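For reference, the structure is listed below as structure tokens.
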């Protein structure tokens, strides 16, 4: 995204430079026309050519401005799409963390239940062994 912004900045600078260049060129054409009115015959063709060049430069500048606007729009759309994707991923991450927490809780409960069952079985085994020894000694 930084590269896109840099490209936009570079294009803005280039367009500004071309606009200044175009304006300077127009001014030069007008000054030349004023100075050379008496020599109009040979200079009309040159003037027409330079005006056409300025018009092309203006059209180029207009198209480049339009491209910059389109790029900015695409950048905005990409940022919005990225923000939505990040929000979705954060939501999914939260859900996964919740599931992990719940699984950890269930694991703890299973371990505790298993420990209680083992203790009960050990107690029963101890009682049975004690009963067996009691019967054996009787």
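The values are calculated or read from the model by the stated rules, or taken from the named source; none is laboratory data. Quick caveat: nothing in here was measured; it's all calculated off a predicted structure. Neighbour counts are summed over all protein chains in view; Cβ atoms, including those assigned to glycine, are modelled from backbone coordinates with ideal geometry.
Test residue 39 against the criterion of being modelled with pLDDT of 85 or more and assigned to a helix (DSSP H, G or I), and give yes or no.
Values: modelled with pLDDT of 85 or more: no; assigned to a helix (DSSP H, G or I): yes.
Judged against the criteria, residue 39 is not a match.
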- [ ] Determine if the stretch 94-112 includes at least one residue that is in contact (Cβ under 8 Å) with a residue 12 or more places away in the chain and out of contact with any helix residue (DSSP H, G or I) (no Cβ under 8 Å at 6 or more places or on another chain).
- [x] no
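What residue, of 21, 25, 70, 44, is more than 26 Å from the chain's Cα centre (by Cα), without any contact (Cβ under 8 Å) to a residue 40 or more places away in the chain and loosely packed, with under 13 Cβ neighbours inside 10 Å?
Testing whether each residue is more than 26 Å from the chain's Cα centre (by Cα), without any contact (Cβ under 8 Å) to a residue 40 or more places away in the chain and loosely packed, with under 13 Cβ neighbours inside 10 Å leaves just 44.
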- [ ] Go through 59, 75, 46 for me and flag whichever is at pLDDT 95 or above and closer than 30 Å to residue 28 by Cβ.
- [x] 59
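Do we find that residue 60 is under 30 Å from residue 4 (Cβ atoms), in contact (Cβ under 8 Å) with a residue 12 or more places away in the chain and surrounded by 10 or more Cβ atoms within 10 Å (Cβ to Cβ) in this structure? Working first, answer last.
Working: under 30 Å from residue 4 (Cβ atoms): yes; in contact (Cβ under 8 Å) with a residue 12 or more places away in the chain: yes; surrounded by 10 or more Cβ atoms within 10 Å (Cβ to Cβ): yes.
Considered against the rule, which asks whether it is under 30 Å from residue 4 (Cβ atoms), in contact (Cβ under 8 Å) with a residue 12 or more places away in the chain and surrounded by 10 or more Cβ atoms within 10 Å (Cβ to Cβ), residue 60 comes out as yes.
For every residue, the table says whether it meets (1) at pLDDT 95 or above; (2) part of a helix (DSSP H, G or I); (3) surrounded by 10 or more Cβ atoms within 10 Å (Cβ to Cβ).
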position	(1), (2), (3)
65	yes, yes, yes
80	yes, yes, yes
105	yes, yes, yes
112	yes, yes, yes
116	yes, yes, yes
121	no, yes, yes
125	no, yes, yes
135	no, yes, no
